[in-house]
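Comments concern the structure below.
The values are calculated or read from the model by the stated rules, or taken from the named source; none is laboratory data. None of the values given here were measured: they were computed from a predicted structure. Positions of Cβ are backbone-derived with ideal geometry, glycine not excepted, and every protein chain shown enters the neighbour counts. For the accessible areas, the whole protein counts, side chains as well, though only heavy atoms, and no ligand, DNA or RNA atoms are used. Shrake-Rupley method; radii C 1.70, N 1.55, O 1.52, S 1.80 Å.
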Amino acid sequence: MSADKIIEAKNVSKWYGAFQVLKDINLTVGKGERIVICGPSGSGKSTLIRCFNRLEAHQEGEISVNGITLHNKMRNVTEVRKNVGMVFQHFNLFPHMTVLMNCMAGPIWIKGVPEAEAKKTALKFLERVRIPEQANKYPVQLSGGQQQRVAIARSLCMEPAVMLFDEPTSALDPEMVSEVLETMTSLARDGMTMVCVTHEMGFARAVADRVIFMDAGRIVEEGSPAEFFTNPQHDRTKLFLSQIL
Ligand code: ADP
Ligand code: MG
C-alpha cells in the first residue's frame, strides 16, 4: 500500500449469519480526501465504516487502514483505534466524566500521554470546535449540538489519520445541525481525511471529493458531487436522490 492511501478496501464481504451485509466492496481513500457515503437505511453504510475501525470484522477481502492490515483474527485493535477517530449519531460521550475528561481519557489511557499534555491538547481541540467554556461541564448539561462537537474534539485529541462520521447530525434538533456541519466543514478545510455517512447533501456538495451511493450491501455508484447530483447513472441512485432532495 502506498503512503498516500489511508484506507484501502479490496473485495470486502461480510455476513451476519446467512445475511450478506457487504458485497464485494472496493474503496480507496487517499490522504486528505473527503468521502461522503449515502444510501437507504439498511444498505450497510454503518457496517462498512465500522469495519474500518474494527468495531466490526469483515470475513472476505482485505482492508488496510493507515498501513495496518485488518485480519479476520487480528490482535492489534488498539493500534487501529489510535489511527481512526469515529463520531456516532448518538455522541457516545462518557456521561460520568466532564467534557475535559472525555477529551483527555483516550490520550491518557490508550496513548499513555502525560496528564498535563493531555489537558493542553484537550483544551486546544475544545477551542477548535468553539466550546472551550464548556470544559468543566458534564455531557448532560450540554445541548445535542454541543455534545456532538465535544465528540468531534474527543476524537481529534487522538490525532487520528482519518475521521469516520456515522450520521453525526441525524439525532440533532434541526437548529443544531448547522453548528456540527460547520465544524466538519472546517476540519475538511484543514485537510483532515474524512469518511462521512450522511444525508446532508448540502455538506456533500460543498465538501466531498467523492460521493458514494450504497444499496443492499454494494457500492452502486460513485462520483464527484457535480457528477453524482447532476447526472446520476443508476435508477436506484435517481430514486434515492428524488426521495431525499
Ligand atoms: P445502514 O447504516 O446503511 O442503515 P447497517 O450497516 O446499519 O445499514 O445495516 C445493514 C444491514 O445489516 C441491516 O439490514 C441491518 O439490519 C443488518 N445488521 C446490522 N447490524 C447487525 C447485527 N449486529 N446483526 C445482524 N444484522 C445486522
Ligand atoms: Mg447506519
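Kindly indicate the residue of segment 99-126 that is touching a Lys or Arg at 6+ places or on another chain (Cβ under 9 Å) and among the small types (Gly, Ala, Ser) and also farthest from Gly144 (Cα to Cα) among those meeting that condition.
In this case the residue turns out to be Ala118.
Condition first: open to solvent by less than 20 Å² (accessible area, probe 1.4 Å), away from ligand 2 (no atom under 16 Å from the Cβ) and hydrophobic (A, V, I, L, M, F, W, C). Now tell me which residues in segment 158-176 satisfy that.
Val162, Met163
Residues Lys111, Lys119: which one is surrounded by fewer than 17 Cβ atoms within 10 Å (Cβ to Cβ), over 18 Å from Pro168 (Cβ atoms) and not β-branched (Val, Ile, Thr)? Let's see the steps before the verdict.
On the way: Lys119 fails: surrounded by fewer than 17 Cβ atoms within 10 Å (Cβ to Cβ).
Answer to the check: Lys111.
Could you say whether any residue in segment 80-90 is under 25 Å from Thr185 (Cα atoms), of a type in the set (Gly, Ala, Ser) and either within 16 Å of ligand 1 (Cβ to nearest atom) or modelled with pLDDT of 95 or more (or both)?
For segment 80-90, residues under 25 Å from Thr185 (Cα atoms), of a type in the set (Gly, Ala, Ser) and either within 16 Å of ligand 1 (Cβ to nearest atom) or modelled with pLDDT of 95 or more (or both): present.
Please determine whether any residue of segment 47-60 is closer than 20 Å to Cys196 by Cβ and of a type in the set (Lys, Arg).
Yes - at least one qualifying residue is present in segment 47-60.
So, of the residues in segment 180-203 that are among the aliphatic types (A, V, I, L, M), buried (at least 22 other Cβ atoms within 10 Å of the Cβ) and within 18 Å of Lys45 (Cα to Cα), which turns out to be farthest from ligand 1 (Cβ to nearest atom)?
Met194
Only one of (1) away from ligand 1 (no atom under 16 Å from the Cβ); (2) more than 24 Å from Glu79 (Cα to Cα) is not met by Ala161, so which one is it?
(2)
Might you check whether a residue that is open to solvent by 30 Å² or more (accessible area, probe 1.4 Å) and either more than 14 Å from the chain's Cα centre (by Cα) or within 16 Å of ligand 1 (Cβ to nearest atom) (or both) occurs anywhere in segment 97-104?
Checked against the condition, which is being open to solvent by 30 Å² or more (accessible area, probe 1.4 Å) and either more than 14 Å from the chain's Cα centre (by Cα) or within 16 Å of ligand 1 (Cβ to nearest atom) (or both), segment 97-104 yields at least one hit.
Just one of (1) more than 16 Å from ligand 2 (Cβ to nearest atom); (2) part of a loop (DSSP other than H, G, I, E, B); (3) surrounded by 14 or more Cβ atoms within 10 Å (Cβ to Cβ) trips up Pro40, so point out which.
The number of the failed condition is (1).
Go over the candidates Thr47, Thr69 one by one and state the one that is β-branched (Val, Ile, Thr), assigned to a strand (DSSP E or B) and either away from ligand 1 (no atom under 16 Å from the Cβ) or within 22 Å of Phe88 (Cα to Cα) (or both).
The conditions single out Thr69.
Go through Val12, Val21 for me and flag whichever is away from ligand 2 (no atom under 16 Å from the Cβ) and either in a strand (DSSP E or B) or surrounded by 18 or more Cβ atoms within 10 Å (Cβ to Cβ) (or both). Working first, answer last.
On the way: Val21 fails: away from ligand 2 (no atom under 16 Å from the Cβ).
Only one candidate passes the filter, namely Val12.
Quick check: anything in segment 58-65 assigned to a strand (DSSP E or B), within 13 Å of ligand 2 (Cβ to nearest atom) and surrounded by 19 or more Cβ atoms within 10 Å (Cβ to Cβ)?
No, segment 58-65 has no match at all.
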